Amino acid sequence: MSAVLFFIAAIGVISGAVGVVVLRNPFYSVLALVAHLLSLAVLFLLLRAEFVAAVQVVVYAGAVMVLYVFVVAYVGGESDSLGERLRGAGQGPHGSTLRLGGAILVGALLVELLIALLGTGLEAIDGYGAGYAPGPQAYGTPAYIGKLLLTRFLLAFEVASFLLLIAAVGGVVLARRRGGLEDEDGREALTPLDLLRPRGTGTMAEGVGRRIQ
Amino acid sequence: MSIAWYLVVSAIVFSLGALGVITRRNPLVVLLCLELMLNGANLALIAFSRMWGNGDGQILAIVVMTVAACEVCIGLGMIVAIYRRRLPIDVDELRELQG
């Protein structure tokens, strides 16, 4: 049973990945990536990583992909397909040799990875994994992961949360509309709340007396 | 299924992601292919974690997911900024830093 499920999920994972690379329209690439992520969550479940599988579906296939869909809808634009890319249609002076070189490089990378992974001589690699005893605190459950995250890996947890904060601030700074904090048109509509607000925006230039208005 | 099968799938997904990063021109698709590479690494991490019956690999996979979310946030912000400045959305055209 688990073998059948593995092959179904593995085919989904690989075909999703091929779809992301090959499909012409970026929107379809995003949808292929969603299918890839859902199949990958099945593989995680087969490896008894229940919490990671749930996080994968909720955070990755849910939240992150919605962000992608919004940006693709905002930016739009067609993209060239891999076939044209490999043939070098309408390309610059480098032409198709560079593309072919890329494909050869990736093939070599795949062979090297397979040799490195399968030729390690690790005996456990042909096994079915360590023993597993079901229970409320078994391997891979939320309780198990939470205990590890808040004891042994507390520093990694805190650093990751700080990184998320920095990324959120950076994303806002990168994507905001340029040209001042306040709209000229918006200044006309005064509300009672404006009386409570200090003048200016609190920048250093205002602090040394150079007011904007 | 034995652990080796999962590792083969992870290697294939990683290589496909690398192929996309090298050959595609749209930065949105390049970001998607980076996600593919991270997912291949995640699958290998979780397979090895299962192999030893140890949760460390799963924690590392969760941290990788966090980093991927940060990368998506910054990357998409940059793409939106590029779009606002009416620059071409093409990694071959945006080569100012190359000199």
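The values are calculated or read from the model by the stated rules, or taken from the named source; none is laboratory data. All values reported here derive from a predicted model rather than from experimental measurement. Positions of Cβ are backbone-derived with ideal geometry, glycine not excepted, and every protein chain shown enters the neighbour counts.
For the reader, a short list of remarks on this structure follows.
- Taken over region A:1-45, the criterion of being touching a residue at least 40 places away in the same chain (Cβ under 8 Å), at the interface with chain B (Cβ under 8 Å from one of its Cβ atoms) and surrounded by fewer than 20 Cβ atoms within 10 Å (Cβ to Cβ) is satisfied by A:Ser2, A:Phe6.
- Some residue of region B:64-84 being assigned to a loop (DSSP other than H, G, I, E, B), of a type in the set (Gly, Ala, Ser) and farther than 20 Å from A:Gly129 by Cα: no
- Looking at B:Leu19, B:Leu38, B:Leu31, just one residue is modelled with pLDDT of 90 or more, within 23 Å of A:Tyr28 (Cα to Cα) and at the interface with chain A (Cβ under 7 Å from one of its Cβ atoms), and that residue is B:Leu19.
- Residue check for A:Tyr139: facing another protein chain (nearest Cβ under 10 Å), closer than 21 Å to B:Ala44 by Cα and either within 26 Å of the chain's Cα centre (by Cα) or among the aliphatic types (A, V, I, L, M) (or both): yes
- Number of the exception - B:Val13 against (1) more than 25 Å from A:Val57 (Cα to Cα); (2) within 7 Å of chain A (Cβ to nearest Cβ): (1)
- Test result for A:Val57, more than 7 Å from every other protein chain (Cβ to nearest Cβ) and closer than 30 Å to A:Gly131 by Cβ: yes
- Conditions (1) touching a Phe, Trp or Tyr at 6+ places or on another chain (Cβ under 6 Å); (2) farther than 28 Å from A:Gly127 by Cα: number failed by B:Leu19: (1)
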